[in-house]
Amino acid sequence: GLNIRIARALNKLMHRHGKVFEDRYHARILRFPLQVRHALCYVMQNGRRHGVHTEPGPDPFSSASYFEGWKEKLPVEFQPVSGRAPPVAKPNTWLLREGWLICGEISMDEIPGPRA
C-alpha cells in the first residue's frame with residue numbers, strides 16, 4: 001500500500017504514469033511437502049538465512065514460539081506466554097498441518113536456502 005501511494009505521488013510530481021518500483025516478491029502456490037517445509041524453515045529462520053541472527057535457537061523476530069514442528073525442544077526464552085491467544089492462524093490445509101512433516105522436522109540450527 002505504501003509503495004502505491006509513493007508511486008502515485010512521484011508520478012504526479014514528474015507528470016508521468018506507469019510503474020515506479022519493481023515487484024518485491026514472487027508469489028507461487030506451494031504444492032509439495034518439501035516446498036512447504038522450505039517455506040516454513042525460511043519464515044522461522046529468516047534472520048539466520050541473512051546472517052542477522054547468529055545466536056543458537058530460532059529467529060526471535062519470527063513466529064517460532066508458536067511453531068510446533070521443531071526437531072529440538074524450544075528454549076525457555078522462546079516459550080509462548082501462557083493465557084494469551086497465539087498471534088498466528090491455525091493451518092487450514094493438509095500440507096501445512098502435517099504434510100510437510102514427511103520431509104522431517106526443522107532444526108533450530110538449520111539455515112534455509114540452497115546448500116553450500
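The values are calculated or read from the model by the stated rules, or taken from the named source; none is laboratory data. Small disclaimer: the values here were computed from a predicted structure and weren't measured. In this analysis, Cβ positions are derived from the backbone assuming ideal geometry, glycine residues included, and neighbour counts consider all displayed protein chains. Areas reflect the complete protein model, heavy atoms only, side chains present, ligands, DNA and RNA absent. Shrake-Rupley method; radii C 1.70, N 1.55, O 1.52, S 1.80 Å.
General remarks:
- Some residue of region 79-92 being surrounded by fewer than 16 Cβ atoms within 10 Å (Cβ to Cβ) and in a helix (DSSP H, G or I): no
- Of all residues in region 93-113, those satisfying the criterion of being more than 17 Å from the chain's Cα centre (by Cα) and open to solvent by 80 Å² or more (accessible area, probe 1.4 Å) are 94, 98, 102.
- Single residue of region 2-20 satisfying the filter (open to solvent by less than 80 Å² (accessible area, probe 1.4 Å) and not in a helix (DSSP H, G or I)) that is nearest to residue 113 (Cα to Cα): 20
- The one condition in (1) outside any loop (DSSP other than H, G, I, E, B); (2) modelled with pLDDT of 90 or more that residue 30 fails to fulfil: (1)
- For region 49-64, a residue qualifies if it is in a helix (DSSP H, G or I) and either in contact with a strand residue (DSSP E or B) (Cβ under 8 Å, 6 or more places away or on another chain) or open to solvent by less than 30 Å² (accessible area, probe 1.4 Å) (or both), and exactly one does: 64.
- Applying the criterion of being assigned to a loop (DSSP other than H, G, I, E, B) and either basic (Lys, Arg) or open to solvent by 80 Å² or more (accessible area, probe 1.4 Å) (or both) to the residues of region 68-78, the residue that is modelled with the highest pLDDT is 71.
- On the stretch given as region 68-93, residues that are over 14 Å from residue 40 (Cα atoms) and either touching a Pro at 6+ places or on another chain (Cβ under 6 Å) or aromatic (Phe, Trp, Tyr) (or both) total 1.
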